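The values are calculated or read from the model by the stated rules, or taken from the named source; none is laboratory data. Since this is a predicted model, take the numbers as computed values, not measurements. Positions of Cβ are backbone-derived with ideal geometry, glycine not excepted, and every protein chain shown enters the neighbour counts.
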Amino acid sequence: MEFGRVPPEELSSIDFSLSAEPAFNKTVLKGKPAKNPKIYLGCAKWGRTEWVGKIYPPKTKEKDFLQHYVQHYNSIELNATHYKVYGEGGIKKWTANAAGKDFKFCPKMYQGLTHRGSLKGKDFITNEFFRGIVAFEEFLGPVFVQVSDAFSPKRKEELFDFLRSLPTDLQFFLEVRHPDWFKKEDIQNEMFTILKELNMGAVITDTAGRRDCAHMHLTIPKTFIRYVGNSLHESDFARCDAWIKRMKHWLDKGMEELYFFMHMHDEATSPELTVYLVDKMNKELGLHLIKPKFIEEPPKQKKLFE
């Protein structure tokens, strides 16, 4: 992910602390732990050739990547559906790899709907998109709706009308990126209020160059976190520690579902940071999440996790 990328030499000067808990969240969380909250953690893609020989067996072919990915993570932020509308057949091939597992595919809405022209007048392609993703059946997680970086609050009514038109039997999370959504409190609050009314979530994106997108607002008792690391820079570990504290707070207050997706500008090192995060989540939050298992543990990893 390139969004929010800054030169490595600037990382040490960035304040990565998470913003204070918004008062808005008290209207969403009940104040006591939910029974059996669901916790899912994954990456954006399973097709990473850099992971062959690391967490995928040597010489693994690309067509077999997913069957190995599901051994290391229990969800995927599925960017593939952003670039192509998939039919039932292709999706069933994916879900076959997750048979018998509590695994969730979280498809990103097709870019032809969200990034090309108006959000209006696209009934046919919208229907085709949903016709495909319902084939995930029990493996379907939230649908991730992202509008482009240029989509500003000047088009808010277009966006809100589009959200109101979406199926009510699916779970959606919205990500906005234009800075104007976050500059004025009234605009930000209007967006979060409408999402709450529609039973939709707000994506939280934690990336170095856009701290405003790490807004900490919950509009439903579920969250969808897109964490963007920096190739195992020392700040990555402190940031993960801060997230564990925030997630614990939310779970203690009634969070029902939590999706955390690990991104890197260079995805090669996502598994290493995932191991660090999961080990601490399991310890601090009393969980039993699976984590990447390395074919051969890198010496660097041993040093980092001591």
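Odds and ends about this structure:
- Residues of the range 164-186 that turn out to be over 17 Å from Ile133 (Cβ atoms) and surrounded by 11 or more Cβ atoms within 10 Å (Cβ to Cβ), as a count: 11
- Checked against (1) of a type outside the set (D, E, K, R); (2) in contact (Cβ under 8 Å) with a residue 40 or more places away in the chain; (3) surrounded by fewer than 17 Cβ atoms within 10 Å (Cβ to Cβ), Thr49 meets all criteria but (2).
- Figure legend. Inter-residue proximity from the range 199-210: first residues touching a residue at least 24 places away in the same chain (Cβ under 8 Å), second residues polar (S, T, N, Q), beta-carbon distance below 6 Å, spacing 6+ or different chains. Indicated pairs: Gly201/Thr219; Ala202/Thr219.
- When restricted to residues that are touching a residue at least 12 places away in the same chain (Cβ under 8 Å) and either more than 24 Å from Gly42 (Cα to Cα) or assigned to a loop (DSSP other than H, G, I, E, B) (or both), the range 126-145 contains 5.
- Among the residues making up the range 174-215, those that are within 19 Å of Asp161 (Cβ to Cβ) and among the hydrophobic types (A, V, I, L, M, F, W, C) are Leu174, Val176, Trp181, Ile187, Met191, Phe192, Ile194, Leu195, Leu198, Met200, Ala202.
- Residues being at pLDDT 95 or above, of a type outside the set (A, V, I, L, M, F, W, C) and in a loop (DSSP other than H, G, I, E, B) - total across the range 20-35: 5
- Hey, Ile76 aliphatic (A, V, I, L, M), closer than 22 Å to Val203 by Cβ and in contact with a Cys (Cβ under 9 Å, 6 or more places away or on another chain) or not: yes
- The range 223-266, residues that are out of contact with any Asp or Glu (no Cβ under 7 Å at 6 or more places or on another chain), assigned to a strand (DSSP E or B) and of a type in the set (Ser, Thr, Tyr): Thr223, Tyr259
- Conditions (1) of a type outside the set (A, V, I, L, M); (2) assigned to a helix (DSSP H, G or I); (3) within 15 Å of Ile76 (Cβ to Cβ): number failed by Lys92: (3)
- The range 155-194: number of residues that are part of a helix (DSSP H, G or I) and closer than 23 Å to Arg211 by Cβ: 15
So that you can scan it fast, the table gives a plain yes or no per residue for (1) surrounded by 13 or more Cβ atoms within 10 Å (Cβ to Cβ); (2) in contact with a helix residue (DSSP H, G or I) (Cβ under 7 Å, 6 or more places away or on another chain):
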site: Ile14; (1), (2): yes, no
site: Asn36; (1), (2): no, no
site: Cys43; (1), (2): yes, yes
site: Thr60; (1), (2): yes, yes
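- Pick from the range 95-125, criterion in contact (Cβ under 8 Å) with a residue 24 or more places away in the chain and part of a helix (DSSP H, G or I), ranking: nearest to Asn36 (Cα to Cα): Thr95
- Test: residue in the range 253-267 that is touching a helix residue (DSSP H, G or I) at 6+ places or on another chain (Cβ under 9 Å), farther than 22 Å from Asn79 by Cα and aromatic (Phe, Trp, Tyr): no
- Selection of the range 235-268 for residues being more than 14 Å from the chain's Cα centre (by Cα), more than 14 Å from Leu29 (Cα to Cα) and at pLDDT 95 or above yields Ser235, Asp236, Phe237, Ala238, Arg239, Cys240, Asp241, Ala242, Ile244, Lys245.
- Pro292 vs. criteria touching a helix residue (DSSP H, G or I) at 6+ places or on another chain (Cβ under 8 Å), surrounded by 14 or more Cβ atoms within 10 Å (Cβ to Cβ), assigned to a helix (DSSP H, G or I) and at pLDDT 95 or above: no
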